[in-house]
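No value in this document is a laboratory result; all are computed from the given coordinates. From a predicted model like this one, the values you see are computed outputs, not experimental measurements. Every residue, glycine among them, receives a Cβ derived from its backbone with ideal geometry; neighbour counts consider all protein chains shown.
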Amino acid sequence: MNKDLIAIFEYLEREKGIKREVVVEAIAESLSTAARKSIQGVGEKVKVEINPRTGEIDVFTQKKIVETVVHPADEISLADAREMEPDCHVGQWLEIAITPQDFGRIAAQTARHIIARKLKSAERDVIYEEYRHRVGEIVSGTVKRFLRGKTLVVDLGKVEAILPERHYPKLERYNLGEKVQALLFEVHDTENGGAEVVLSRSHPDFVKQLFIQEVPELHDKTVAIELIARDAGYRTKMAVRSFDPKVDPVGTCVGVRGTRIKNVIRELNNEKIDVVPYSPDQVQLLENLLAPALIRKLRMSEHRIETVVADEEYPVVIGKRGMNARLIGEMLGRELFVQKLSEYQKMLVIQMAEYAEEQDPAYDEKLRIDGVSGLVMDSLISAGFDTFRKFMQATPAEMIEKVPGVNFYDLADRIVEKIRKQKASFGQT
């Protein structure tokens, strides 16, 4: 019995999870290659058989039976063949046993190198088989060492994974031996022929999977996370919906007295998390994402959303370094532009003054504003603002003085919007 070989089989099965049949096949192929290179008188038809239970190795070569030998490596004379197989005849192939003792030092060294390559490939396949179907799941491991500065090597048990610096928040720091949870982000081939498992703690799906662990209703799909955006280490925003009218999706994710969301926040090192109700209607969803701030003015295009909010609500809507607005825009799939109400009102006055200077006869027509009551229109006309141009030349103070109770900015917004649409329909800027 070849005890050394049996020990290798058992180690690879136990520690690496590589089946014995895979190891036997790799060693047999490598020894066949070594035999062809190092044993004299052996042709290309070399076969190695290894007993997986005892580790015994048998090496065979095949030679064609001929009358006169021209190629000794591949041929054998009929006379020599009949010494081994009396009933053979010319044209047959004879299988000849070669004792393993014929392997020299070079043959053994060659076999070791080839075995190493084959086993690495087999180990890579095992990694793929075990981990590729777990991509998107949360796994746990221990920080084993650091590579190239801040890339972490995490021991997952049977395999070592990497947690690159770009895949964890900048605020997080790790120590050797520390336990770490992460999203199994991907498994891919490496340049040296191995396989690499890549983890992530910065991907939005990491937060999503943490909530699925904490919230049974997410796991059984009573509640779903429809949209999620994240600035790792700082803030995550989620839009959730319920498929059961009796279940509140936001309250379900937050938990009683915040118990569920607190567990997620703790794992994320106190990252802020906003959970809002999802709506398929983009305007309603935007209102949910901006709450408690109120939208004072809204204009939506294919790639851009322009909204106006009260001055005191502006800092909260924008967020630190514009983070909140950026995440909202990411969730809506458009760029979000937020403006203070005071700035928007100043822009309205400037816009009206610019229009009033244009030589457009339509501006001298009788004032008509859609959606405004006849009483308000009569008050404006009586006060001398009987044409579009006269209204656009007025100042807010003058309007308030002559027509008390009239919302100047609301009327100005209606007029400017009407002119803008008319110009757009004629292809003007």
Give me the lysines in straight-line cross-link reach of residue 421: C-alpha distance below 18 Å, same-chain residues under 8 apart excluded. 297
Take residue 395 and residue 158, extend 7 Å from each Cα along the Cα→Cβ direction, and tell me the distance between the two endpoints in nm. 8.0
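Once R0 is set to 35 Å, what does the formula 1/(1 + (r/R0)^6) return for the Cβ-Cβ distance between residue 175 and residue 13, expressed as a FRET efficiency to the nearest 0.05?
Working: r = 34 Å, r/R0 = 0.96.
The formula returns an efficiency of 0.55 here.
Which value results when the Cα radius of gyration for region 321-429 is divided by 2.2 N^0.38 Å?
Values: Rg = 16.6 Å, N = 109, 2.2 N^0.38 = 13.1 Å.
Ratio of Cα Rg to 2.2 N^0.38 Å: 1.27.
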Can you compute the FRET efficiency between residue 418 and residue 274 using 1/(1 + (r/R0)^6), with r the Cβ-Cβ distance and R0 = 41 Å? Round to the nearest 0.05. 0.65
Explain nothing, just compute: Karplus ³J(HN,Hα) = 6.51 cos²θ - 1.76 cosθ + 1.60, θ = phi - 60°, for every residue of region 68-81 in order, whole Hz, x for Gly and Pro. 10, 7, 10, 10, x, 5, 10, 10, 9, 6, 4, 4, 5, 5
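Using 0.36 nm per residue, how much length does the chain from residue 354 to residue 29 gain when fully extended, once their Cα-Cα distance is taken away?
Values: separation 325, 0.36 × 325 = 117.00 nm, distance 8.49 nm.
Length gained, residue 354 through residue 29: 108.5 nm.
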Hey, can you grab everything whose amide H is under 5 Å from the amide H of residue 240? Only 5+ residues off in sequence or another chain; H modelled, so Pro and N-termini drop out. 226, 276, 278
With everything on Cα atoms, drop me the angle between helix 408-425 and the longest principal axis of the chain, reported from 0 to 90° to the nearest 10. 60
Which links in 158/272; 37/64; 246/320; 179/237; 320/402 stretch past 31 Å when you go from one Cα to the other? 158/272; 246/320; 320/402
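Please report the net charge: other residues with Cβ closer than 14 Å to the Cβ of residue 409, K and R +1, D and E -1. All intermediate terms of the calculation are to be shown ahead of the outcome.
Numbers: positive: 296, 297, 340, 346, 414; negative: 311, 343, 398, 410, 413, 417.
Every neighbour counted, the sum reads -1.
Which GluC sites (Glu not before Pro) in region 206-311 sit in a loop by DSSP (not H, G, I, E or B) and have at most 10 other Cβ atoms within 10 Å of their own Cβ?
Working: sites: 214, 217, 226, 267, 271, 287, 302, 306; in loops: 271, 302.
Qualifying residues, ordered by number: 302.
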Can you give the charge dipole size of region 212-341 about its Cα centre, rounded to the nearest 20 debye, using +1 on the beta carbon of Lys and Arg and -1 on the beta carbon of Asp and Glu? 320
Over region 212-341, equivalent-ellipsoid semi-axes from the Cα gyration tensor in Å: 26, 17, 12
Two-site label geometry, residue 69 and residue 53: point separation in nm, points 7 Å out along Cα→Cβ: 3.7
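Provide the percentage of antiparallel DSSP beta bridges, counting only those with both residues in the chain; round to the nearest 5.
On the way: 44 of 61 bridges.
Antiparallel: roughly 70 percent of the beta bridges in the chain.
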Rg and Dmax in Å for the chain, alpha carbons only: what are they? 38.8, 131
Under 5 Å between amide H atoms, partner at least 5 residues away or on a different chain: which partners does residue 297 have, H built in plane at 1.01 Å? 308
So if each residue of separation counts as 0.36 nm, and I subtract the Cα-Cα distance between residue 306 and residue 323, what length gain in nm does that give? 4.5 nm
